[in-house]
Each structure stands twice: as C-alpha cells, then as structure tokens.
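Below: one structure, written as structure tokens.
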Amino acid sequence: MPDTGLILGLLAVVAVMAAIGRRTGLAGPIVFALGGIGLALVPGVPSIVRPPSLVLVVFLPRVTKRARGARRRCAECEPTTPVLVVVSWAGMRGVISLAVALSLPQVTAGGRPFPGRDLIIFVTFA
C-alpha cells in the first residue's frame, strides 16, 4: 500500500500549482513542469521516471494550442493549401525518418552497443 500521506501531499501540491497557473495566466503544463522541477529538488520525494518523448506528445500540444488560441484569427493568417501540403509532406518524412532511426537495435548480435546509434537518432531528430 503506498504511503497515503505522500499521495495526499502530492495532490495538495498539484492543487496549489493549478491555482498558481490560473492566477498568473500561465499554461498549466508550464506551471506543472516548473513545479516538477521544484519537487525534484526536495529531498525525500521519490523520483518518477517518464520517457522524454512524453513531453512532446502530452504537454507541448496543449501549450501550443493555448498560444494559438490567444492570437487573433484573421483571413490572411490562415495557411494556404500549398503551404499545408508542403508542411504535411515534410512532417511525414520526418516522422518516418525518426521511426527508422529509433528502430535501430541498441546492441549488435555480438552484444556490443550499436555503433553510432545515438548520433544517428540525434541527427535525424535535429
């Protein structure tokens, strides 16, 4: 059974961070990221390891959606069809390249690390 006091304490911290976000007008993910950094510095708080890609999938779209909603909409600001075609084509090429780079094995058949795998992933992502 997990420590109930720890869970209640973390829930209280989440409630305080949400209130700070509403009061300051900052996006929730930004407030929670800063709060998470602050909690990581407190001794005795257990560490929770999440994959870095979670930030790109969960938090970043919400932050950018809120930023897009804050701007005024205008007819000239809307992307044209050729722009959308180029962006979607380039985006799909990037996703496929990154998927191929991430599919490289971490170790070779001999048990040694795959040579240059980290560099390949970095260059593909950049």
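The values are calculated or read from the model by the stated rules, or taken from the named source; none is laboratory data. From a predicted model like this one, the values you see are computed outputs, not experimental measurements. Here Cβ is always computed from backbone atoms with ideal geometry, including for glycine, and neighbour counts include all displayed protein chains.
Could you tell me whether residue 37 is at pLDDT 70 or above and surrounded by 10 or more Cβ atoms within 10 Å (Cβ to Cβ)? Can you show your working first?
Working: at pLDDT 70 or above: yes; surrounded by 10 or more Cβ atoms within 10 Å (Cβ to Cβ): no.
Criteria not met by residue 37.
Name every residue in the stretch 15-30 that is farther than 17 Å from residue 57 by Cα and surrounded by 13 or more Cβ atoms within 10 Å (Cβ to Cβ), in order of residue number. It would help to see each step written out before you state the result.
Step one: of the stretch 15-30, the residues farther than 17 Å from residue 57 by Cα are 15-26.
Hits for the stretch 15-30 are 17, 18, 20, 21, 26.
Could you check how many residues of the stretch 104-121 are at pLDDT below 85 and surrounded by fewer than 11 Cβ atoms within 10 Å (Cβ to Cβ)?
Going through the stretch 104-121 one residue at a time, the tally reaches 0.
With in a helix (DSSP H, G or I), touching a helix residue (DSSP H, G or I) at 6+ places or on another chain (Cβ under 9 Å) and at pLDDT below 80 as the only criterion, which of 79, 29 stands out?
Working: 79 fails: in a helix (DSSP H, G or I).
Going through 79, 29 in turn, just one is in a helix (DSSP H, G or I), touching a helix residue (DSSP H, G or I) at 6+ places or on another chain (Cβ under 9 Å) and at pLDDT below 80: 29.
Among all residue pairs at least 6 apart or on different chains, which show Cβ distances below 6 Å where the first residue, located in the stretch 5-21, is more than 18 Å from residue 40 (Cα to Cα) and the second is part of a helix (DSSP H, G or I)?
20/31; 21/28; 21/31
On the given criteria, is residue 101 within 30 Å of residue 114 (Cα to Cα), surrounded by 12 or more Cβ atoms within 10 Å (Cβ to Cβ) and either modelled with pLDDT under 80 or out of contact with any Phe, Trp or Tyr (no Cβ under 7 Å at 6 or more places or on another chain) (or both)?
Working: within 30 Å of residue 114 (Cα to Cα): yes; surrounded by 12 or more Cβ atoms within 10 Å (Cβ to Cβ): yes; either modelled with pLDDT under 80 or out of contact with any Phe, Trp or Tyr (no Cβ under 7 Å at 6 or more places or on another chain) (or both): yes.
For residue 101, the condition - within 30 Å of residue 114 (Cα to Cα), surrounded by 12 or more Cβ atoms within 10 Å (Cβ to Cβ) and either modelled with pLDDT under 80 or out of contact with any Phe, Trp or Tyr (no Cβ under 7 Å at 6 or more places or on another chain) (or both) - is met.
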